[in-house]
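To start, the structure under review is shown below, and the notes come after it.
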Amino acid sequence: MKSYSGRVHYKHKRRKYEVGSQPGTIDIPEDAKKPKIEVYSFNDKDLQTSKGTNMETITKQMAKCKDHTHWIKINGLGDVQLMEDIGTFLGINHLVLEDIVNTHQRPKFDEYEGYVFATSRILYLDKNNELTNCQFSGIVKDNIFISFEEDYSDYFAAVKTRLKAGKGLIRTGGPGFILYSLTDTILDNYFVLLAQLGDRIDETEDLLYDHPDKRIMFDAQQLKRTLIVIRRACWPERDKINDMIRSENPEINKDTKIYLRDAYDHCIQAMDMVESYKEVTSSIIDLYLSMVSNRMNEIMKVLTIISVIFIPLTFIAGIYGMNFSREDAHGRLIPDNMPELYAHHGYVYALIGMLALAIVQLFVFWRKGWFNKL
């Protein structure tokens, strides 16, 4: 059977539970990647960058560029000391730091005194055709935006390119606008992922009509599961953006809110696409099951016709197969016995009669149109 290239797989990540642990505990998973830090300090005329792996990279860059806005980009969460240093340096609540390292958060927007905190879900298919579901976290405080990602993927390359080009509000909109830009990039990649899934749904549907096979049902179910994952990211993302639009916090200024309304519309569009694709995948599964049921009905119809033809023939053969004797032990004829058993050419006549009966039945079935529906 022909099948579309690549089946969606999942990177399963077990959530580590510490029952009864103190709230605000920074518990780093064992498989967490070591952090890589990029610092972008910019204003409308200048952009300074630096890279490192510890808190010193951040402090040196900020001391050198005091009149700049700073985007601190951290990829990898596998350093407890760095997280604590950032919390101390920026005055971040330990509950926020716990949410950052606990990478199973739903998208949300929380306001604290002096800063805001937001999370989103990063979804994409990697080179191994695995659905990657990572957490993105961001903190906006004064002239600083600090972002956290689980892995080393360059997910926001387009934003960095715009930042280097210096066009639009990317350098003048403040750290809140950087948060919007990254959120909008996440939403744009949802559309890329949905376009890939849409193509696979179309291919699966075409295969259903050309080569129906049980693997189509499995593929459709897997696509549906992927859409459920996207849905679980889109719905709270909509609420998060809505909270940002309605927020009175000065970290999210009026200019940024105008763009956030556009991101809100994009989120609604993505949700509509998810629901539409879910309905299509459910229809593919239902249609496949209906086709299997119809095929089974056709098979049962053929077997029924064959049975109807052979039942009277079996009845006749059964009657003349009883082999009662024509005479008793004294040689006298037994009345009401089967004279046909001793007729000349009786075997041939019986076969001809049975054949004629079968032909008559086939003619009746043909006139009723049963064979046209097979």
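Of note:
Results for (1) closer than 30 Å to Lys301 by Cα; (2) small (Gly, Ala, Ser), shown as yes or no for each residue.
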{"residue": "Leu333", "(1), (2)": "no, no"}
{"residue": "Tyr342", "(1), (2)": "no, no"}
{"residue": "His345", "(1), (2)": "no, no"}
{"residue": "Val348", "(1), (2)": "no, no"}
{"residue": "Gly353", "(1), (2)": "yes, yes"}
{"residue": "Ala358", "(1), (2)": "yes, yes"}
{"residue": "Gln361", "(1), (2)": "yes, no"}
{"residue": "Trp370", "(1), (2)": "yes, no"}
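- Per-region count, the stretch 53-70, residues open to solvent by 60 Å² or more (accessible area, probe 1.4 Å) and either of a type in the set (Val, Ile, Thr) or assigned to a strand (DSSP E or B) (or both): 1
- The C-beta contact set for the stretch 284-308 (first residue closer than 21 Å to Arg200 by Cα, second residue of a type outside the set (A, V, I, L, M), distance under 7 angstrom, 6+ apart or interchain) comprises Ile284/Thr204; Ile284/Glu205; Ile285/Gln221; Tyr288/Pro212; Met291/Pro212.
- Options Ile252, Ile309: the member that is in contact with a helix residue (DSSP H, G or I) (Cβ under 6 Å, 6 or more places away or on another chain), open to solvent by less than 60 Å² (accessible area, probe 1.4 Å), in a loop (DSSP other than H, G, I, E, B) and among the aliphatic types (A, V, I, L, M): Ile252
- Test result for Asp210, within 25 Å of Phe136 (Cα to Cα) and open to solvent by 60 Å² or more (accessible area, probe 1.4 Å): no
- Residue in the stretch 102-113 that is of a type in the set (Phe, Trp, Tyr), more than 19 Å from Leu179 (Cβ to Cβ) and touching a helix residue (DSSP H, G or I) at 6+ places or on another chain (Cβ under 8 Å) present: no
- Counting the residues of the stretch 32-46 that are surrounded by 16 or more Cβ atoms within 10 Å (Cβ to Cβ) and under 18 Å from Thr161 (Cβ atoms) gives 5.
- Enumeration of residues in the stretch 316-357 that are in a helix (DSSP H, G or I), surrounded by 10 or more Cβ atoms within 10 Å (Cβ to Cβ) and not aliphatic (A, V, I, L, M): Pro339, Glu340, Gly346, Tyr347, Tyr349, Gly353
- The combined condition, being loosely packed, with under 15 Cβ neighbours inside 10 Å and in a helix (DSSP H, G or I), is fulfilled by Val302.
- Where Phe191 falls short, out of the listed (1) surrounded by fewer than 16 Cβ atoms within 10 Å (Cβ to Cβ); (2) free of Cβ contacts under 8 Å to residues at least 40 places away in the same chain; (3) over 19 Å from Ser282 (Cα atoms): (2)
- Scanning the stretch 358-368 for residues that are open to solvent by 80 Å² or more (accessible area, probe 1.4 Å) and either in a helix (DSSP H, G or I) or touching a residue at least 40 places away in the same chain (Cβ under 8 Å) (or both) yields Ile359, Val360, Phe363, Trp366, Arg367.
The values are calculated or read from the model by the stated rules, or taken from the named source; none is laboratory data. The model shown is predicted, which means the values in this text are computed figures rather than measured ones. Heads up, the Cβs are rebuilt from the backbone with ideal geometry, glycines too, and the neighbour counts pull from every protein chain shown. We work out accessible area using only protein heavy atoms, side chains counted, and drop any ligands, DNA or RNA first. Shrake-Rupley method; radii C 1.70, N 1.55, O 1.52, S 1.80 Å.
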